[in-house]
Each structure stands twice: as C-alpha cells, then as structure tokens.
Amino acid sequence: MSEPTEGPELKIEDAKEKVIGTIAETMDLYGVTPAAANLYATMYFEDQMTLDEMRTELGMSKPSMSTSVRRLQDIKMVKKTFTRGSRKHTYVAEKNFFRSFMAFYCQMWEREAKMNMEAIEEAQEDFIEVIKDSNSTSEIVAKAKTYYDQLEESKAYYHWLEDLVESIRSGKIFEFLPKDQK
C-alpha cells in the first residue's frame, strides 16, 4: 500500500527546511543579516521569485526585503532577471556554490589586499621621511626602520592573496584542488 501524497510532500518540505535552516545559519560568513540569509536559502529552492512572492513566503516588510535583495545582489548571490511579458522583476539565487564562493571571497580578498597595500605604501613613505630626517634621533630612526621592514614583510601576504584571487578566477586553483566529482 502506498503512502498518501501528503506524506512524501511533507517529507520534501521537511528536507528543504533542514537545508534552508543550515544555509541561513551559516551565511553570516558572507556578512549578511539573518533576514537576507533566510531569503537566499529560501530562494535556493525556487526557480525565480518576485519581491511580492518573497514577502509572502517570508513575511518580511518591503524595506527589509529590498535591503536584503540588494545586499544579496551586491555579493552576487542573487541576480535580477527579466521575464518577457511581465512588469515585475524576478530574482534568481545563485545555485552554484563554487561560483558564489569565488565571487564573494575574491571580492573581499581583493578589497583587503588593495586597501592594506595602499595603507602600507603611504606608511612606508612616512617611515622613509622619518629615517631621512636629520632631526630624528637614532632611536626614532631604528623604530621607523623596524616598522618599515615589518610592513615590507607583510606585502608578501597581500601579493599571495592577489595571486590566490587570480588562481580562483582563472580556474587554475582547480588543478591543485579539484572539485569533488562524487
């Protein structure tokens, strides 16, 4: 005797809820609010959704929904799509976790490297001025040299980070860390 339709349907919904809950819980790594995380996790199982459908599904306010969608678009987790014949915008969640990981972390790592390298360059120029200043005592010059050298050593990390981003974007990283084919 077969199970009534409600049994399998309920099982599917329960299974989806498990994944939605876990995705939403771990999305703090991407710097998104719990509301945005829950939205992404819900959208993951949908083909596309309008803002109205999202609001209905999640019971979120319109401003909260718009803010969450915008944040998810910023980090390339959600894309706006166009449906011919419809005046409403629809949105699709990025379902390829490799792509979403690469887009988000590459963006963050590039930002980190760029900002820190700019600060290091400026600071090193200041240290050089102190080192060359005839009014600087030997202790001050030694301190400036120590800090200059410390910053010089830190550049290796930021160059490595830039190389990591490039290897991810080019796909070269998968030669060393292949995607699991299981």
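None of the figures in this text is laboratory data; all of them are computed from the coordinates on show. Every value quoted in this text rests on a predicted model; they were computed, and no experiment measured them. No Cβ is skipped: glycine too gets one built from the backbone with ideal geometry, and neighbour counts run over all protein chains shown.
I need Ile140, Ile20 ordered by Cβ neighbour count within 10 Å, fewest first. Provide the component values of the computation, followed by the final result.
Working: Ile140 13, Ile20 19.
So the residues, fewest neighbours to most, are Ile140, Ile20.
How large is the dipole of the range 6-95 about the Cα centre if only Lys and Arg carry +1 and Asp and Glu carry -1, each at its Cβ, rounded to the nearest 20 debye? Intermediate results must be reported in sequence, preceding the final value.
Values: 14 positive and 14 negative charges, 130 e Å.
It comes to approximately 620 debye.
Under 5 Å between amide hydrogens, which residues at least 5 positions from Glu94 or on another chain qualify, with H placed 1.01 Å from N in the peptide plane?
HN-HN under 5 Å from Glu94: Val78, Lys79.
For the range 157-166, take each phi angle, set θ = phi - 60°, evaluate the Karplus expression 6.51 cos²θ - 1.76 cosθ + 1.60, and give the result in whole Hz per residue in order, putting x for glycine and proline.
5, 5, 5, 4, 4, 5, 5, 4, 4, 4
Report, ordered by chain and residue number, the lysines lying within cross-link reach of Lys18, taken as a straight Cα distance under 18 Å and ignoring same-chain residues fewer than 8 apart.
Cross-link targets: Lys95.
Please compute the net charge surrounding Thr33, taking Lys and Arg as +1 and Asp and Glu as -1 over other residues with Cβ under 14 Å from its Cβ. Intermediate results must be reported in sequence, preceding the final value.
On the way: positive: Arg70, Arg71; negative: Glu25, Asp28, Asp74.
Cβ neighbours under 14 Å give a net charge of -1.
Relative contact order for the range 98-176: what is it in percent, counting Cα pairs under 8 Å that are at least 6 residues apart?
Details: 39 pairs, mean separation 32.6, N = 79.
With pairs under 8 Å counted, the relative contact order is 41 percent.
Of the listed values (1) 36, 16, 14; (2) 49, 20, 15; (3) 25, 22, 16, identify the label whose number matches semi-axes √(5λ) of the Cα gyration tensor in Å calculated from this model.
Calculated semi-axes √(5λ) of the Cα gyration tensor in Å: the matching label is (2).
Does anything in the range 143-161 have its amide N under 11 Å from the 7 Å Cα→Cβ label point of Val130, and if so which residues?
Within reach of a label on Val130, which here means backbone N under 11 Å from a point 7 Å along Cα→Cβ, the range 143-161 contributes 143-149.
Can you list the trypsin sites (Lys or Arg not before Pro) in the range 1-99 that are in a DSSP coil and have 16 or fewer other beta carbons within 10 angstrom?
Numbers: sites: Lys11, Lys16, Lys18, Arg55, Arg70, Arg71, Lys76, Lys79, Lys80, Arg84, Arg87, Lys88, Lys95, Arg99; in loops: Lys76, Arg84, Arg87, Lys88, Lys95.
Of the trypsin sites (Lys or Arg not before Pro), the ones in loops of the range 1-99 whose Cβ has at most 16 other Cβ atoms within 10 Å are Lys76, Arg84, Arg87, Lys88, Lys95.
Hey, what do the phi angles of the range 77-88 turn into as Karplus ³J(HN,Hα) couplings, whole Hz, using 6.51/-1.76/1.60 and θ = phi - 60°, x for Gly and Pro?
Listing the rounded values in order: 9, 9, 10, 7, 10, 10, 10, 4, x, 10, 8, 8 Hz.
Might you report the magnitude of the Cβ-based charge dipole of the chain about its Cα centre, with Lys and Arg at +1 and Asp and Glu at -1, to the nearest 20 debye? Please report the intermediate quantities before stating the final value.
Working: 25 positive and 33 negative charges, 193 e Å.
So the dipole magnitude of the chain works out to roughly 920 debye.
Tell me the net charge near Thr90. Cut-off is 13 Å between Cβ atoms, Thr90 excluded, with +1 for each Lys or Arg and -1 for each Asp or Glu. Please list the in-between numbers first.
Details: positive: Lys79, Lys80, Arg84, Arg87, Lys88; negative: Glu46, Asp47, Asp52, Glu53.
My count for the surroundings of Thr90 gives +1.
Summing Lys, Arg as +1 and Asp, Glu as -1, what charge do residues with Cβ under 14 Å from the Cβ of Met115 carry, Met115 excluded?
Result for the local shell: -3.
Shape verdict for the range 45-144, please, from the Cα gyration tensor: rounded (a/c under 1.5), prolate (a/b greater than b/c) or oblate.
On the way: a/c = 4.74, a/b = 3.64, b/c = 1.30.
Prolate.
Farthest toward the dipole's positive end in the chain, which of Phe98, Ser167, Val69, given Cβ charges of +1 (Lys, Arg) and -1 (Asp, Glu) about the Cα centre?
Final value for the positive-end residue is Val69.
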